[in-house]
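Shown next, in structure tokens, is the structure this report addresses.
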Amino acid sequence: MFTTNNDVETTPRYTLELKVTGDGSHTLFIPELNEHYHSHYGAVTESLHVFTGAGYDHIKAGKDHINILEIGFGTGLNALLTSLYAEKDNVHVHYSAIEPYPLSIAICQDLQFPPFTGTPDSQKRFLLLHESPWGEWCPIDDFFALKKMDQTVQLYNPESGFFDLVYFDAFGPEVQPEMWTAEIFYKMYRALKPGGTLVTYSTKGQVKRNLKETGFGLEKLPGPPGKREIMRAVKP
């Protein structure tokens, strides 16, 4: 069991419990919210399916540079897997991530994702993602640069038409309803280039209505284990 502890502001300080998911990779569980950071059916499996699969793989064709925004950096799993794919594909990725409650390095050192990536240096890369300074661009390798921002998405003002892809990975609408509003999705819409894509695991009715109200075209896709469907939204 852990409590959040970081030089960057982390309040409110929830209890975090380390859990092993169905594919053997770790997630964190918050008892006070009854919420996991990743699917308990498989953390890596979910990330590969929802974000790198339905997002990065879907848009990478013909691109040598991709700008990605992640809402909910969390454990850094989506960033880790995306960085590995970027290196493999020779695609330059600029990866911006919003996280108002960063995890401590001590917690990150106990998380076990890298053995499932098949890359020998992935543990070093994973920790580098977390150890990199906040609020500035940090080159992780020749193909992946990361900028982490310790602020809420409500206060974030992204450049219009800058991003190719948004990973929308906030806690669920039942836990963080303020993250899934039409106002937040309109901010994502403005941040995306024409033809830009947003992917998320939630297909709740209100989420779909808010995305449609914003102007996105929606596509429901088969979900990972334990989830029937996921959502891909495209800016016309």
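Checking 101, 95 one by one, the residue that is in contact with a helix residue (DSSP H, G or I) (Cβ under 8 Å, 6 or more places away or on another chain) and within 27 Å of residue 184 (Cβ to Cβ) is 95 and no other.
Being at pLDDT below 95, in contact with a helix residue (DSSP H, G or I) (Cβ under 8 Å, 6 or more places away or on another chain) and closer than 19 Å to residue 169 by Cβ holds for only one residue in 111, 80, and it is 111.
Summed over the stretch 52-76, residues that are more than 13 Å from residue 95 (Cα to Cα) and touching a residue at least 40 places away in the same chain (Cβ under 8 Å) total 7. Restricting attention to the stretch 140-195, the residues being small (Gly, Ala, Ser) and in contact (Cβ under 8 Å) with a residue 40 or more places away in the chain number 5. If I filter the stretch 11-19 for residues that are hydrophobic (A, V, I, L, M, F, W, C), surrounded by fewer than 18 Cβ atoms within 10 Å (Cβ to Cβ), modelled with pLDDT of 95 or more and under 21 Å from residue 125 (Cα atoms), do I get at least one hit? Yes, some residue in the stretch 11-19 is hydrophobic (A, V, I, L, M, F, W, C), surrounded by fewer than 18 Cβ atoms within 10 Å (Cβ to Cβ), modelled with pLDDT of 95 or more and under 21 Å from residue 125 (Cα atoms). Counting only helices (runs of 4 or more DSSP H) wholly contained in the stretch 68-187, the ones carrying 3 or more residues that are of a type in the set (A, V, I, L, M, F, W, C) and more than 16 Å from residue 55 (Cα to Cα) occupy 105-110, 122-131. Taking the stretch 190-214 as the range and being surrounded by fewer than 20 Cβ atoms within 10 Å (Cβ to Cβ) and in a helix (DSSP H, G or I) as the test, the residues that pass are 190, 205, 206, 208, 209, 210, 212, 213.
Looking for something of a type in the set (Lys, Arg) and modelled with pLDDT under 95 - is there at least one such residue anywhere in the stretch 57-72? Checked against the condition, which is being of a type in the set (Lys, Arg) and modelled with pLDDT under 95, the stretch 57-72 yields no hits at all.
The values are calculated or read from the model by the stated rules, or taken from the named source; none is laboratory data. Just so we're clear, the structure is a prediction, and the values are computed from it rather than from any experiment. A quick note on method: Cβ atoms are made from the backbone with ideal geometry, for glycine too, and the neighbour counts reach across all protein chains shown.
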